[in-house]
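I have placed the structure first, in the form of structure tokens, so that the comments after it can refer back to it.
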Amino acid sequence: TRTPVNVTVTGAAGQIGYALLFRIASGHLLGPDVPVNLRLLEIPQGLKAAEGTAMELDDCAFPLLRNIEITDDANVGFAGANVALLVGARPRTKGMERGDLLSANGGIFKPQGKAINDNAADDIKVLVVGNPANTNALIAQAAAPDVPAERFTAMTRLDHNRAISQLATRTGAAVSDIKRLTIWGNHSATQYPDIFHAEIAGKNAAEVVNDEAWLADTFIPTVAKRGAAIIEARGASSAASAANAAIDHVHTWVNGTADGDWTSMGIPSDGSYGVPEGIISSFPVTTKDGKYEIVQGLDINEFSRARIDASVKELTEERDAVRELGLI
Ligand code: NDP
């Protein structure tokens, strides 16, 4: 039998945690034959609720779930971690300035990065879900100098999945016929969902749609504002689809993209496509054997260039702000 994989989830008692943990334990994160140990990291106020969730996990009698540890100590929570899902974050509250938000999250992600550096397994893979995800990932990565930088990633897979779904609805295509969609930039309102290289059943998606006004005025804003639309409709945030996207992100990273397709991940830039080296920005990537590579050589038209640049500018401003705060 295989050695269990240690999976750490922060903010485990939150809404996303509740939608996430059962799917990790049932084998959807890593595969149907991979046993897991769960480490639930919470703040002290979250521990009791995390214990309740753990009771429910026990009651599912998942064959793949070996053990569950609950802690508010990051050094314990990340001990031997192979996969870390950083979900817990400080939400933006009314009247909060960006600087306050970044420094509150710096207080969470800097020590977590250090704890990962000091305690995680050598093959640690980190996904940051908690917002502002890209910059939180940068803060954690900067605090973990002994971990290869590329192991720190931020989630844009929900944006990617939302864009595929919107495109399928518009064109009447099946979701499974849509390939090579890309989210560029920040997981924020400036993100850019790019269909110019996407394919629908082998045909170029932008040509199938053939409607630039729809792209600019409907598709892009619908994808970017989908989270708010869901809060408006259900009176609660999009926790289940966020959890699903976190599962997809790690599953694809570990198990690979399909031939002829790619996915979107927020990753440290190597300077590709004019994105400044070091910022954590979303790119088209292929994955294989637990490693990812940026898809190279795509032709970026003017429509795309302006939108990528705008989102990247926001990311460099966030980086400069956390640098000024001494967080990186
Ligand atoms: P959720 O589980 O709903 O959300 C957690 C984070 O995920 C937020 O930063 C949220 O961002 C982000 N997120 C990213 N994508 C989405 C999406 N599509 N929909 C919704 N959220 C998204 O928050 P809860 O408040 O229910 O739970 C947070 C938990 O984290 C609490 O139990 C708290 O105790 C814990 N926590 C733990 C910490 C730790 O382990 N050290 C530190 C801080 C908190 P956004 O705010 O923009 O919606």
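The values are calculated or read from the model by the stated rules, or taken from the named source; none is laboratory data. Because the structure is a prediction, the values reported are computed rather than measured. Note that each Cβ is placed from the backbone with ideal geometry, even for glycine, and that neighbours are counted across all protein chains shown. Heavy atoms of the whole protein, side chains included, go into the accessibility calculation; ligands, DNA and RNA do not. Shrake-Rupley method; radii C 1.70, N 1.55, O 1.52, S 1.80 Å.
Here the gap between T169 and D270, fully extended at 0.36 nm per residue and compared with their Cα-Cα distance, gives a gain of 32.9 nm. Across L41, L215, L21, mean-square fluctuation computed from a Gaussian network of the chain (C-alpha pairs under 10 Å connected) peaks at L215.
Candidates V7, S281, A310 compared by Cα position along the dipole of the chain: farthest toward the positive end lies V7, with charges placed on Cβ.
Taking R180, R151, R66, R98 and ordering them by how much accessible surface each has at a 1.4 Å probe, largest first, produces R66, R98, R180, R151.
Pairs exceeding 26 Å between alpha-carbon atoms, taken from K114/K225; K225/K313; K110/K179; K203/K313; K48/K291: K114/K225; K110/K179; K203/K313; K48/K291.
A 1.4 Å probe run over the chain, with the rest of the protein chains in place, finds 44 Å² accessible per residue. Given the DSSP H assignment, sum -39500 (n - 2.57) over each helix run of at least 4 residues in the chain and divide by its residue total; what's the result at 222 nm in deg cm²/dmol, nearest 500? One gets -12500 deg cm²/dmol as the mean residue ellipticity at 222 nm.
Relative to the Cα centre, what is the charge dipole magnitude of the chain, using +1 at the beta carbon of each Lys and Arg, -1 at the beta carbon of each Asp and Glu, and rounding to the nearest 20 debye?
460
The convex hull around the C-alpha trace of the chain, projected and averaged over every direction, spans 16.4 square nanometres. Each peptide in 227-234, 135-142 was scored by the mean count of other Cβ atoms within 10 Å over its residues; highest first, the order is 135-142, 227-234. A quarter of the convex hull surface defined by the alpha-carbon atoms of region 101-164 gives 4.5 nm² as the mean projection. Membrane-span-like helices in the chain, defined here as complete DSSP H runs extending at least 24 Å along the helix axis by their C-alpha atoms with mean Kyte-Doolittle hydropathy no lower than -1.0, are 98-119; this is a sequence and geometry rule, not a statement about a membrane.
For region 70-120, the residue among G113, L101, G80 whose Cα projects farthest onto the positive side of the dipole built from Cβ charges is L101. Only beta bridges with both residues in the chain are counted; by DSSP, about 45 percent of them are antiparallel. Note on A236/D211: beta-carbon distance plugged into 1/(1 + (r/R0)^6) with R0 of 45 Å gives a FRET efficiency of 0.85. For region 170-249, averaging the sequence separation of C-alpha pairs within contact (under 8 Å, six or more residues apart) and dividing by the residue count gives a relative contact order of 20 percent.
Over the Cα atoms of region 63-208, compute the convex hull volume and normalise it per residue, giving Å³.
Cα-based convex hull of region 63-208, divided per residue, equals 165 Å³.
Share of carbon and sulfur in the accessible area of the chain stands at 49%, probe radius 1.4 Å.
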